[in-house]
Amino acid sequence: MIDEEVSRSSIAITVRAGKLTARGLAYVLGAAARKIRKAQRAGQAPQGKQSARKLMRHGGDTSGMELPGDTRLFDRVARRWGVDYAIRPVEKGKYLLLFKARQADAITGCFQEYSRRMLKRSRDRRVPIREQLKRAQELMKQRPQRQREREATHEDR
């Protein structure tokens, strides 16, 4: 039984080389591994963020909704939820989120987490640098000024 598994998973690689070195052999084996991985990926449907065309290609109905705000934050959340989606820009700052209809429950949960993070981000907004500088200037104006004593230079003596 083990021999059958080995014979099924064995491959033949031919190399034409004047001199076969360890580096050359490593290159050939790496190229073979890349080709095998590529063949395996070709049979699978893409997952995660993808173009709208690819999303439409792998069958099933698609749905869409408006996505306001930061797309990078949505990418992070969607990766955690493992959903297949595409983002298309509609206007400046507004995007259309396309996803598979059969993943509607996962998208709903993902969108809830995204909304929660967006609300938290808006509450935790940091004070802009210019505001901080204005506040610091006002504080400096309110503090009493000190008179500096001038040191006597060689000419003043």
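For Gly30, the test of being in contact with a helix residue (DSSP H, G or I) (Cβ under 7 Å, 6 or more places away or on another chain) and either on the phi > 0 side of the Ramachandran plot or of a type outside the set (Phe, Trp, Tyr) (or both) is failed.
Across segment 102-135, the qualifying residues are those that are surrounded by 10 or more Cβ atoms within 10 Å (Cβ to Cβ) and over 23 Å from the mean Cα position of the chain (by Cα), and the one among them that is modelled with the lowest pLDDT is Arg102. Report yes if Arg57 is at pLDDT 85 or above, surrounded by 10 or more Cβ atoms within 10 Å (Cβ to Cβ) and closer than 30 Å to Gln103 by Cβ, otherwise no. So Arg57 does not fit the description; no.
Please determine whether any residue of segment 8-28 is modelled with pLDDT of 80 or more and closer than 30 Å to Leu98 by Cα. No.
The values are calculated or read from the model by the stated rules, or taken from the named source; none is laboratory data. Because the structure is a prediction, the values reported are computed rather than measured. Glycine gets a Cβ as well: all are built from the backbone with ideal geometry, and neighbour counts include every protein chain shown.
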